[in-house]
Amino acid sequence: MNIVLVGSAGRCGIYEYSHTLMEGFRALGHRVRYMGVRRHDNRDLARHVRQVEHGDGLVIFEYEPGIFWLGGLVRAMAWVRFWRHKRVFLSVHEIAPEKYPEFRQIQWHLTRPVSLCGWLEVIKSVLSTVDVALRFLMLRVGWLLMGWLPHIVLVHSSRAVENIHLILPDDRKVRYTPLVVKQLEGDRDVLRQELGLPIGYFAFIIPGFLFRRKRIIEVIEQLPPNAELWVVGTESEYDPGYLAEIQAHLSKSAHRERVRLIHDYERMEQYLLAADAAVFYYADGYQSAAASLAVGAGKPCIFSDLPAFADLHEAGLVVHTPKELRQAMVQVQDLTLYSDLRERALRLRDGLRPHRIAAQYLSESAYADNS
């Protein structure tokens with residue numbers, strides 16, 4: 001079968017996830033190509049979906065609100081389904097009201113300070129009421145169509161399972177599929193030498209974009225003796241200023257000599273393989289492509305107690321408080337526990353190989369044929 005994946009053209013987790021998934025489809029004998037769309041560019045999206053060919057059998061949209069405008073996505077799925085007569089799958093990585101500009105505009109109206117002039121406030125209130133009604137209608141209709149147009153809606157986290165009812169009244173065409181895990185291989189000590197990193201230290205890593213929800217400063221505070229922490233990634237445009245906060249904290253921290261801020265997103269996989277364990281002490285999240293990548297590198301992990309990591313718990317320790325985090329960072333250095341967690345990570349990695357997850361995507365094809 002010919003498969004088309006539509007996702008982000010930019011450097012992000014969706015882009016990397018989609019390309020790993022493509023490896024799985026190819027391993028199953030399918031032909032697959034990727035359409036990378038510029039972020040929030042409806043024209044670019046429309047141009048790409050018009051390139052869907054007669055021989056293509058399935059079009060999968062890897063969706064996150066930060067990639068596609070709602071209206072553009074709806075038009076694209078309608079074009080592919082009704083004009084090109086293709087099966088359409090919508091793979092939802094994140095969905096929540098606050099991620100949509102219409103919702104944020106409605107909130108702005110509700111929190112706007114009252115005007116000093118009474119008559120001016122009456123006029124503003126009438127205009128605001130109209131604007132709120134229009135935006136509410138646009139958002140609700142857009143969600144309704146986003147849920148109705150695809151034959152199958154795939155979700156990858158328990159939080160997405162809950163929030164998917166924003167667009168669907170029931171679960172009849174919702175399918176849960178874990179995130180694919182890219183298989184990474186490499187010699188730890190060789191990579192450390194190539195990257196100019198010390199071999200003697202036990203090294204923790206926090207990979208990916210720098211978001212406040214990752215609580216990196218809190219992890220730094222709990223770093224145990226005789227261990228390093230590598231923060232490997234880059235600052236996100238969605239959470240500006242956090243890098244400066246981390247640097248300011250490090251300037252006063254007793255751990256500053258054992259914390260490395262490495263702005264090398266392109267070689268994150270090599271740093272993962274060179275590290276000993278990964279830390280994901282998140283305060284919030286749907287799922288984590290970075291955590292899946294750490295499992296792909298066979299690394300034991302430390303997770304916060306979020307449902308976002310439920311599929312990966314086998315590969316690590318789960319903590320609730322900063323004190324438990326510090327204890328886990330000490331415990332994971334025990335050779336017996338470390339070896340056990342590494343074996344679990346490798347076992348989990350094998351179960352989430354690209355071809356296995358791709359097969360789960362395609363297991364719904366029969367349903368799509370009859371829809």
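The values are calculated or read from the model by the stated rules, or taken from the named source; none is laboratory data. For clarity, every value in this text was computed on a predicted model and none was experimentally measured. Virtual Cβ from ideal backbone geometry, glycine too; neighbours counted across all protein chains shown.
Quick notes on this one:
- GLU23 assigned to a helix (DSSP H, G or I) and not assigned by TED's automatic domain parsing to the domain that holds SER288: yes
- Residue in the stretch 64-78 that is in a strand (DSSP E or B), without any contact (Cβ under 8 Å) to a residue 60 or more places away in the chain and either closer than 21 Å to GLY142 by Cβ or small (Gly, Ala, Ser) (or both) present: no
Listed here are the residues, each with its yes/no results for (1) closer than 27 Å to GLN287 by Cα; (2) β-branched (Val, Ile, Thr); (3) in contact with a strand residue (DSSP E or B) (Cβ under 9 Å, 6 or more places away or on another chain).
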{"residue": "GLY71", "(1), (2), (3)": "yes, no, no"}
{"residue": "ARG75", "(1), (2), (3)": "no, no, no"}
{"residue": "LYS86", "(1), (2), (3)": "no, no, yes"}
{"residue": "VAL92", "(1), (2), (3)": "yes, yes, yes"}
{"residue": "PRO101", "(1), (2), (3)": "yes, no, no"}
{"residue": "HIS109", "(1), (2), (3)": "no, no, no"}
{"residue": "ARG112", "(1), (2), (3)": "no, no, no"}
{"residue": "CYS117", "(1), (2), (3)": "no, no, no"}
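- Residue within the stretch 85-97 that is touching an Asp or Glu at 6+ places or on another chain (Cβ under 9 Å), under 23 Å from VAL132 (Cα atoms) and surrounded by 21 or more Cβ atoms within 10 Å (Cβ to Cβ) present: yes
- Restricting the stretch 206-254 to residues that are part of a helix (DSSP H, G or I) and among the polar types (S, T, N, Q) leaves a set whose member that is nearest to LEU272 (Cα to Cα) is GLN247.
- Residue that is surrounded by the fewest Cβ atoms within 10 Å (Cβ to Cβ), among those in the stretch 263-286 that are over 24 Å from HIS320 (Cα atoms) and modelled with pLDDT under 95: GLU266
- Unique residue being in a helix (DSSP H, G or I), over 23 Å from the mean Cα position of the chain (by Cα) and either surrounded by fewer than 17 Cβ atoms within 10 Å (Cβ to Cβ) or not small (Gly, Ala, Ser) (or both) when the list is VAL126, VAL161: VAL126
- Enumeration of residues in the stretch 190-208 that are in contact (Cβ under 8 Å) with a residue 60 or more places away in the chain and either loosely packed, with under 14 Cβ neighbours inside 10 Å or within 20 Å of ALA283 (Cβ to Cβ) (or both): GLU194, PHE204, ILE205, ILE206, PRO207, GLY208
- Given (1) outside the structural domain of VAL161 (by TED's automatic domain parsing); (2) buried (at least 17 other Cβ atoms within 10 Å of the Cβ); (3) farther than 26 Å from ILE164 by Cα, number of the condition VAL52 does not satisfy: (1)
- When the residues of the stretch 302-345 are filtered to those that are among the β-branched types (Val, Ile, Thr) and out of contact with any Ser or Thr (no Cβ under 7 Å at 6 or more places or on another chain), the one that is surrounded by the most Cβ atoms within 10 Å (Cβ to Cβ) is ILE302.
- Selection count where residues are modelled with pLDDT of 90 or more and assigned to a loop (DSSP other than H, G, I, E, B), scope the stretch 96-112: 2
- The one condition in (1) over 23 Å from GLY296 (Cα atoms); (2) surrounded by 20 or more Cβ atoms within 10 Å (Cβ to Cβ) that ILE217 fails to fulfil: (2)
- Pairs where the first residue, in the stretch 312-324, is in the same structural domain as VAL279 (by TED's automatic domain parsing) and in contact (Cβ under 8 Å) with a residue 12 or more places away in the chain and the second is in a helix (DSSP H, G or I) and among the basic types (Lys, Arg), C-beta under 6 Å, 6+ apart: GLU314/ARG344; ALA315/ARG344
- The number of residues in the stretch 171-187 that are in contact with a strand residue (DSSP E or B) (Cβ under 9 Å, 6 or more places away or on another chain) and touching a residue at least 60 places away in the same chain (Cβ under 8 Å) comes to 3.
- Residue pairs whose Cβ atoms lie under 7 Å apart, separated by 6 or more positions or on different chains, with the first residue in the stretch 241-264 and within 17 Å of GLU228 (Cα to Cα) and the second part of a helix (DSSP H, G or I) and charged (D, E, K, R), are LEU250/ARG256.
- Scanning the stretch 159-177 for residues that are farther than 12 Å from HIS93 by Cβ and not charged (D, E, K, R) yields VAL161, HIS165, LEU166, ILE167, LEU168, PRO169, VAL174, TYR176.
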